[in-house]
Amino acid sequence: MALQNIDIVMEESTDLEDGTETRLRQQRYQRNLAWLEQHAAEIYTHYRGKFFCVAGQELFVADTSKEVAAQAKAAHPEDDGRIVRYIYEKKLARVYANQWEMVMVR
């Protein structure tokens, strides 16, 4: 397989609104993450083998990531801090590793 040349372009933004939007998106994500952490035990117990999404501090569940993201976006179009995850059917220890970190998920 031949390697392809990839052009990389870096741009510096001095537009303050770029940073503001990023901070707002991060705040929405953090609110959804806090909600998920409060409800994680129940979610991970009841929805094995499903995708779930948290948006607007509300839970959405479906069989595919596209389906669950569409449900969440329809209900909360302003929330761009959505969290989408899959819950494996069997509860097993899994190790995810790369050169920077190793995380064990149960």
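No lab work stands behind these numbers, since they all come straight from the coordinates. Everything quoted here is computed from the prediction, not taken from an experiment. Cβ coordinates were reconstructed from backbone atoms using ideal geometry, including for glycine residues, and neighbour counts include every protein chain displayed.
Tally Lys and Arg at +1 and Asp and Glu at -1 over the other residues with C-beta under 11 Å from the C-beta of Val84: what net charge comes out?
Values: positive: Lys66, Lys73, Arg82, Arg85; negative: Glu67.
Local net charge: +3.
Any idea what the relative contact order of region 17-105 is, in percent, if you count C-alpha pairs under 8 Å spaced at least 6 apart? Provide the component values of the computation, followed by the final result.
Values: 119 pairs, mean separation 25.5, N = 89.
Relative contact order of region 17-105: 29 percent.
Based on the alpha-carbon gyration tensor of region 17-105, what equivalent-ellipsoid semi-axes (square roots of 5 times the eigenvalues) come out, in whole Å, largest first? Mind showing how you got there, number by number?
Working: eigenvalues 111, 70, 27 Å².
After scaling each eigenvalue by five and taking roots: 24, 19, 12 Å.
Mind ordering 37-44, 66-73 by average Cβ neighbours within 10 Å, highest first?
Values: 37-44: 12.0, 66-73: 17.0.
Listed from highest to lowest mean packing, they are 66-73, 37-44.
Write down the Kirkwood hydrodynamic radius of region 28-73, to one decimal in angstroms, obtained as one divided by the mean of 1/r over all alpha carbon pairs. Before the final figure, lay out the partial values.
Working: mean 1/r = 0.0938 Å⁻¹.
In region 28-73 this quantity evaluates to 10.7 Å.
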